[in-house]
Amino acid sequence: MFANSLNVRPLFEEAGPAREECSLGTLFDRSPLERATAGQIVFFEGDRALHVFAIREGNLRICRQLHDGRRVVTGFLTKGDIVGVSFKNRYLYSAEVLDDVAFQRQTRVAFEKQLLARPDLRPVLLSQLCDEVAAAQDQMVLLSCKSAEERLCSFLLARLQKSTTEGCEPNVVNLPMTRLDIADYLGLTIETVSRTVTKLAGQGILSAGRRHEILVLKKSALVQRAGEDEADVDDSLDDTARYYHH
């Protein structure tokens, strides 16, 4: 996989012709647009890795199944992400649809041939692989060193940054996934996630927004609870009432 919620840079963006020329998304331009609805599976863990997919709309959940039947969510993908690239013959995870998704696909063989014919895109691919390694390292730190509250706050901060880059209103965290998905991603129980959200709301740090949204009322406090560097906090974002409209 080429992205997760901790460290995502879109593989293609609508940023004008000059930007498109150096985008991996251009490799899918001739592929038909396909659609899937919530609950559908794009591919299963262990399936032969025959295709690569470019997400144009919507959200996917990436997960693996443990031998004892437990599920581990390893990331969330959205518009601009590439999914299904594998250096093995089989997919290492399952890709499941969270909401209405539009995507394009092409065979792995065709994808690799196009990369060989486009040397200008090879650094882009390498950059994405480096981002993926960095994201995996961030996730290891999150799961091994942070408390339940720190994990959730770090997750919400990462989603807040992503929501902002997607054009959402300031301080609005877009959460297309369920709380169970969040729990499985953070290595927590759903009860712990719900209890921590309630606690942060009671302290005036968070507030409920529209469906699948949470409002961050005090970003600086959220950063402190996450154990992150406060130097990156924009205090002007703490006044949510100025920006958010129901």
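The values are calculated or read from the model by the stated rules, or taken from the named source; none is laboratory data. Fair warning: this is a prediction, and the values are worked out from it, not measured in the lab. All Cβ positions, even for glycine, are placed from backbone atoms using ideal geometry, and neighbour counts span all protein chains on display. What goes into the accessible areas is simple: the full protein's heavy atoms, side chains included, and nothing from ligands, DNA or RNA. Shrake-Rupley method; radii C 1.70, N 1.55, O 1.52, S 1.80 Å.
Let me spell it out: the conditions are (1) at pLDDT below 90; (2) farther than 28 Å from GLN161 by Cβ; (3) open to solvent by 60 Å² or more (accessible area, probe 1.4 Å); (4) not aromatic (Phe, Trp, Tyr), and GLY69 meets all of them except one. Which number is the exception?
GLY69 satisfies every listed condition except (3).
Could you figure out which of (1) over 20 Å from THR192 (Cβ atoms); (2) surrounded by 19 or more Cβ atoms within 10 Å (Cβ to Cβ); (3) of a type in the set (A, V, I, L, M, F, W, C) isn't true of LEU157?
(1)
Just the residues that are open to solvent by 30 Å² or more (accessible area, probe 1.4 Å) and among the aromatic types (Phe, Trp, Tyr), please, taken from the stretch 87-142.
Result: PHE87, single match.
Mind telling me which of the residues ILE205, ILE214, ILE182, ILE190 ends up being at pLDDT 95 or above and closer than 21 Å to GLY58 by Cα?
One residue alone meets the criteria, ILE182.
Out of the residues in the stretch 23-38 that are of a type outside the set (Asp, Glu) and either modelled with pLDDT under 60 or assigned to a strand (DSSP E or B) (or both), which is most open to solvent (accessible area, probe 1.4 Å)?
ARG35
If the Cβ limit is 7 Å and pairs must be 6+ apart or interchain, which residue in the stretch 175-198 that is touching a residue at least 60 places away in the same chain (Cβ under 8 Å) pairs with which residue that is open to solvent by 50 Å² or more (accessible area, probe 1.4 Å) and among the basic types (Lys, Arg)?
Cβ pairs passing all conditions: ASP184/ARG71.
Return the residues of the stretch 52-65 that are within 18 Å of ALA136 (Cα to Cα) and open to solvent by 30 Å² or more (accessible area, probe 1.4 Å); say none if nothing qualifies.
Listed by number, the residues that qualify are ARG61, ARG64, GLN65.
Cβ-Cβ distance below 8 Å, separation of 6 or more or different chains: which pairs start in the stretch 44-72 with a residue that is without any contact (Cβ under 8 Å) to a residue 24 or more places away in the chain and end on one that is β-branched (Val, Ile, Thr)?
LEU66/VAL72
Regarding LYS79, is this residue buried (at least 16 other Cβ atoms within 10 Å of the Cβ) and charged (D, E, K, R)?
yes
Does VAL85 meet the test of being of a type outside the set (Ser, Thr, Tyr) and closer than 13 Å to PHE43 by Cβ?
Answer is yes for this residue.
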